[in-house]
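A quick write-up on the structure given underneath.
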Amino acid sequence: MNEQISRRLALAERVAREAGAKALDYFNRRESLVIETKRDAQDVVSIADREVELLIRGQIAQAFPDDGFLGEEFGLQPGNSGYHWVVDPIDGTSPFVNGMPNWCVSIAVIYQGEPVIGVIMAPCQQECFVAAQGAGATLNGKPLHVDPARTLQNHITGFGANSYVAPERVGEIAAEITAVGGNFFRNGSGAMMLAWVAAGRLVGYYEPYMHAWDCLAGYCLVNEAGGWTHPFNAQGEQLLRGAPVLAVAPGAKDELMRIARL
Ligand code: IPD
Ligand code: CA
Ligand code: CA
């Protein structure tokens, strides 16, 4: 791993843990949070999302002032170092505000459009997933490897959808996973489910439309654990656009790609 990446990796993990602790503090007193909505009544946000993103932004700006930064809540801050941080302060806000433990802090660093660092911190489980390009993926320090013997038939497939996706399509995806003898799972945090693909808890994850901050940290984890990820165009303006997200163990790739029509 080159020094540029290793310095950022150390910071990414430290900041993810600190951000996770801050988010957990809000979670533990969530009755006092004012819940606001964004695109629709399912798309929720609170001060917790904003404050956690500001904490992360502040620390990155201090350590790497020339790096770019994209966060879900406060948007894009361009940089000129070639490195770009892509952050979802709380992925799984709906579980978060409703008192479920399935949420996480997701921090990616991209270089030349590729995710080179992925850190996903899940505070309720005290699980920290860490990956860097060429250096493997770990969960709380233990190496992660996807199992090539797993398929849609002998494992579970994660799948998510939001209001960008036609309701008929949501039903079709569930039906097609079931029709091939598989089963589907959703916990409300796409980033966490991607980390779970890296950890072998799910054979794959598919969601028709997600943003860079939802998927790039998870993509780095899955790639480093030996899985495959559908390319997400993170170059220039494309970084802000939504796209299909698919990450999968090699034994289920062809079948999940067919179901996803990719
Ligand atoms: C959402 C979650 C959800 C996925 C949505 C995302 P948020 O992110 O990852 O599982 O289905 O597409 O937008 O809003 O909780 O950060
Ligand atoms: Ca998200
Ligand atoms: Ca979010």
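The values are calculated or read from the model by the stated rules, or taken from the named source; none is laboratory data. Note that the coordinates shown come from a computational prediction; the quantities given were computed from them, not determined experimentally. When we count neighbours, we look across all protein chains shown, and the Cβ atoms used for this are built from the backbone with ideal geometry, even at glycine.
A single member of GLY190, GLY242 is within 16 Å of ligand 2 (Cβ to nearest atom), touching an Asp or Glu at 6+ places or on another chain (Cβ under 6 Å) and not hydroxyl-bearing (Ser, Thr, Tyr), and it is GLY190. Residues of the range 151-164 that are modelled with pLDDT of 95 or more and surrounded by 15 or more Cβ atoms within 10 Å (Cβ to Cβ): THR151, LEU152, HIS155, ILE156, THR157, GLY158, PHE159, GLY160, ALA161.
Can you give me the ranges of the strands (runs of 3 or more DSSP E) entirely in the range 155-253 with at least 1 residues that are away from ligand 1 (no atom under 13 Å from the Cβ) and not aliphatic (A, V, I, L, M)? Before the answer, list the steps.
Working: elements: 156-159, 183-185, 204-210, 243-248.
Counting at least 1 such residues, we get 156-159, 183-185, 204-210.
Can you find even one residue in the range 128-150 that is surrounded by 17 or more Cβ atoms within 10 Å (Cβ to Cβ), more than 30 Å from PRO78 (Cα to Cα), more than 18 Å from the chain's Cα centre (by Cα) and away from ligand 3 (no atom under 16 Å from the Cβ)? Scanning the range 128-150, I find at least one residue that is surrounded by 17 or more Cβ atoms within 10 Å (Cβ to Cβ), more than 30 Å from PRO78 (Cα to Cα), more than 18 Å from the chain's Cα centre (by Cα) and away from ligand 3 (no atom under 16 Å from the Cβ), so the answer is yes.
Within the range 17-47, can you find the residues that are assigned to a helix (DSSP H, G or I) and over 16 Å from SER189 (Cα atoms)? Steps first, answer last, please.
To start, the set of residues in the range 17-47 that are assigned to a helix (DSSP H, G or I) comprises 17-28, 30-32, 47.
Residues satisfying the conditions are ARG17, GLU18, ALA19, ALA21, LYS22, ASP25, TYR26, ASN28, ARG30, GLU31, SER32, ILE47.
Residues that are in contact with a His (Cβ under 8 Å, 6 or more places away or on another chain) and either within 11 Å of ligand 2 (Cβ to nearest atom) or on the phi > 0 side of the Ramachandran plot (or both) within the range 203-218 are absent altogether.
Does the range 47-58 include one or more residues that are under 26 Å from GLY236 (Cβ atoms) and more than 18 Å from the chain's Cα centre (by Cα)? Within the range 47-58, one or more residues are under 26 Å from GLY236 (Cβ atoms) and more than 18 Å from the chain's Cα centre (by Cα). The set of residues from the range 151-181 being touching a residue at least 60 places away in the same chain (Cβ under 8 Å) and either of a type outside the set (Ser, Thr, Tyr) or touching a helix residue (DSSP H, G or I) at 6+ places or on another chain (Cβ under 9 Å) (or both) comprises THR151, LEU152, HIS155, THR157, ASN162, ILE173, GLU176, ILE177, VAL180. For the range 77-89, state whether one or more residues are in the same structural domain as LEU55 (by the TED database), assigned to a strand (DSSP E or B) and within 15 Å of ALA198 (Cβ to Cβ). The answer is no; no qualifying residue exists.
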